[in-house]
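*Asks:* Quick one: structure below, then a few questions.
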Amino acid sequence: MARTKRIIPTGVTKTQMENAFSTYAKAEARMTKINALIEKQIAAIRNKYTNELATLKEIKDTNFDVLQAYALANKDSLFVKKKSLDGLHGTIGFRTGTPKLKTLKGFTWNTVTNLLKEFLPAYVRIAEEPAKDKLLAERNNEQIADFFPKIGVVVTQDETFFVEVLKNSKKVYIIEDKTNTFENNQIIRYKEAIKNEIDTIKTVYFKTGFWFSDDDSVLADIKINREDFLGILNKYRGKNQILDDYCEYFERVTESEEKEKNYLISEEELTQKKYWELNIARSIITQYQFMRYIFSKRYIRSGRSIGGGVYTQYDILKDKVFPDTKNENLSEDKRTYSVFWRIDSKDKIGPYISINFYTEHSKGDIKPRCREDEYNKLFNIKRKM
C-alpha cells in the first residue's frame, strides 16, 4: 500500500481532537490485537514443529561431522588445487577466515597494550574526546556552565509530541447518570460501540431523580438510586461542608417528592385551586403514585404529551396486531395497536383517567377500517366479563 503525503491540520477544535484520539486509540488497540494474534499463530506453528526441528538439527550435526571427518582425512589429496569439492548434493570445503589477532596463553589485551608502549609505542591508540557526561552533570554549576559559550557548546533538550494510549484497558465501566429524565437505550448503544475492543464491560445506571418503572427496566449490571447514593455519602457526613450541603439538598428533594406523591384532592383544593395547580394534573410523580396504587406490580409509563403536559399510563395490551378483516392490504406496522389506562389533563376538563384503544399510524395515513372490528371484539369481551 503506497503511503500518502501527510498534511498537518490546523485550527483543530477540542471536539475534533477528542474524536481523533478515540480513532487513534481504536486503531492502536486493533493493531495490538492483530499483532498478538500473529504472535500467537507463530508460536503455535513453532510449537507444532519444535520437536521435528530439533531432530532435523541433530541429523544435520551428525552428518556434518561425517562430512568434515572425510574432508580432513583427505585434505592433502582432494583440496590441493582448490579448497572446495563439488558433489551430487552440493559443495564441501574449507574457507579462510579474516586475519585476526589472538593473545597467547598467559597474556591479556591489557598486558599486550603495556608491552606495546614499551616496544612498539606507535601502535598504541590514544582516543581523546569531550567528557560529555561530566559536562551535562555539571550544567547547573555556574562556574562550569560559564565556559560553555567559550568552548562552543550549549545544552539543548529536544521536545517531541507523543500520544500514549492506556494499555491493557480491557475492562471498562459505562456509567449513565440521570436526574429527571429517562434512559433511552444509551447504555446498549455505548456497549455496542466498544464491544469488539474490550474484553469486559460493566454497566452502571445512576439516577438521583425519582425512580420510575422505566428505571427498573433499564438493562445495567449495577443500578444506583438516590437512596443508595445517600447511604454511601452519609458515612462521611460532618467531614466536609460541601458534602453536607449536597446531602441536605437531596433530603429536601426527597421531602418534596413525598408531598408530590399525595394524589388525593380535598374539597378545599377543588374550590381554591385551578385544575393545573393540582398535583395530579402537573406532576408525573403524583400520577405515577396513583397508578402504582392501582397496579402495584405492573409496568407504568410516564412522559410528556406534544403540548407539554404530563401523562402516565398502564398498558393492558401493547404492540398487538389486528387482522386485516377489510382486505385493505395494510402491513403489520399499520395494524399495530395498544390498549391502556391513562391519566391526562385537558383544558376545561382538568385531570382525568381513561381507557384508550390506540393504533399506530403517521399523520396523513388512512386510518385502517379493520381496527373497528378489533375494537368491537375487545368491547364485547369486556361486556361479558
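The values are calculated or read from the model by the stated rules, or taken from the named source; none is laboratory data. Just so it is clear, the structure is predicted and the values come from calculations on it, not from any experiment. Note: ideal-geometry Cβ built from the backbone for every residue, glycine included; neighbour counts use all protein chains shown.
*Asks:* Can you list the helices (runs of 4 or more DSSP H) lying wholly within the range 131-247 that have 1 or more residues being within 28 Å of residue 304 (Cα to Cα) and not charged (D, E, K, R)?
*Replies:* 186-194, 213-216, 226-233
*Asks:* Checking residue 251 against (1) surrounded by 14 or more Cβ atoms within 10 Å (Cβ to Cβ); (2) in contact with a Leu (Cβ under 8 Å, 6 or more places away or on another chain), which test does it fail?
*Replies:* Among (1) surrounded by 14 or more Cβ atoms within 10 Å (Cβ to Cβ); (2) in contact with a Leu (Cβ under 8 Å, 6 or more places away or on another chain), residue 251 violates only (1).
*Asks:* Now a separate question. Go through (1) over 30 Å from residue 122 (Cα atoms); (2) of a type in the set (A, V, I, L, M); (3) assigned to a helix (DSSP H, G or I) for residue 112 and report which single condition fails.
*Replies:* The number of the failed condition is (1).
*Asks:* Let me ask another. Between 204, 218, which is surrounded by 11 or more Cβ atoms within 10 Å (Cβ to Cβ), in contact (Cβ under 8 Å) with a residue 24 or more places away in the chain and either more than 26 Å from residue 313 (Cβ to Cβ) or over 29 Å from the mean Cα position of the chain (by Cα) (or both)?
*Replies:* Every option except 204 fails the conditions.
*Asks:* Residues that are more than 46 Å from the chain's Cα centre (by Cα): which strands (runs of 3 or more DSSP E) entirely in the range 262-365 hold 2 or more of them?
*Replies:* Per the criteria, 350-359.
*Asks:* When you look at residue 322, is it aromatic (Phe, Trp, Tyr), at pLDDT below 80 and more than 30 Å from residue 210 (Cβ to Cβ), yes or no?
*Replies:* Considered against the rule, which asks whether it is aromatic (Phe, Trp, Tyr), at pLDDT below 80 and more than 30 Å from residue 210 (Cβ to Cβ), residue 322 comes out as no.
*Asks:* Quick one: which of 227, 192, 197 is acidic (Asp, Glu), modelled with pLDDT of 90 or more and farther than 18 Å from residue 284 by Cα?
*Replies:* Just a single option satisfies the conditions, and that option is 227.
*Asks:* Here's a follow-up. Given the conditions (1) in contact with a Gly (Cβ under 6 Å, 6 or more places away or on another chain); (2) closer than 28 Å to residue 377 by Cβ, report the number of the one that residue 319 does not fulfil.
*Replies:* Unmet for residue 319, out of (1) in contact with a Gly (Cβ under 6 Å, 6 or more places away or on another chain); (2) closer than 28 Å to residue 377 by Cβ: (1).
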